[in-house]
1. Could you run through the range 74-107 and say how many residues are in contact with a helix residue (DSSP H, G or I) (Cβ under 9 Å, 6 or more places away or on another chain) and surrounded by 15 or more Cβ atoms within 10 Å (Cβ to Cβ)?
2. In the range 71-98, what count of residues is obtained for those that are within 11 Å of the ligand (Cβ to nearest atom) and touching a Phe, Trp or Tyr at 6+ places or on another chain (Cβ under 6 Å)?
Amino acid sequence: MPQPLPHDTTFTLGLDLDGVITESPEFFSTWTHSWPGRVIVITYRQDRQKAIEDLESRNIRYDELVLVDRFDGKAAVIQDQGVHVYIDDQPEMLKNISGDCRVMLFRNEGNFDDDDSKWMLSNETGKLVC
Ligand SMILES: [Mg+2]
């Protein structure tokens, strides 16, 4: 997949809702409104209307909201929608995403231990290198 220029309107941003947008709503509101391309919110939720209300209450601009019901569902949506950059707070959601998509792990109290200053990973999502 060719990498578009930063101001290319085909540059698609993918965002998780819980633990990402909900953690820093002001940041993501500003970012989504200034993003030149499509914004797709991909969430592991079942209640679509509640997700819409949560996005609207946080002033998030988005073109599409996709609900998934399995862990690797997000990777499939990212592939199908041609997402170029995706942000999630759960490593489980990131591990099956194609290398064509840039991924960012968003830190919060659910995936980072402030007392130890260490990421919290499982054997399925983390690999110690030393
Ligand atoms: Mg999340």
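1. 15
2. The number of residues fulfilling the criteria is 3.
Just so you know, all these numbers are worked out from the coordinates, no wet-lab data involved. Given the structure is predicted, the values throughout are model-derived calculations rather than measurements. Backbone-built Cβ (ideal geometry, glycine too); neighbour counts: all protein chains shown.
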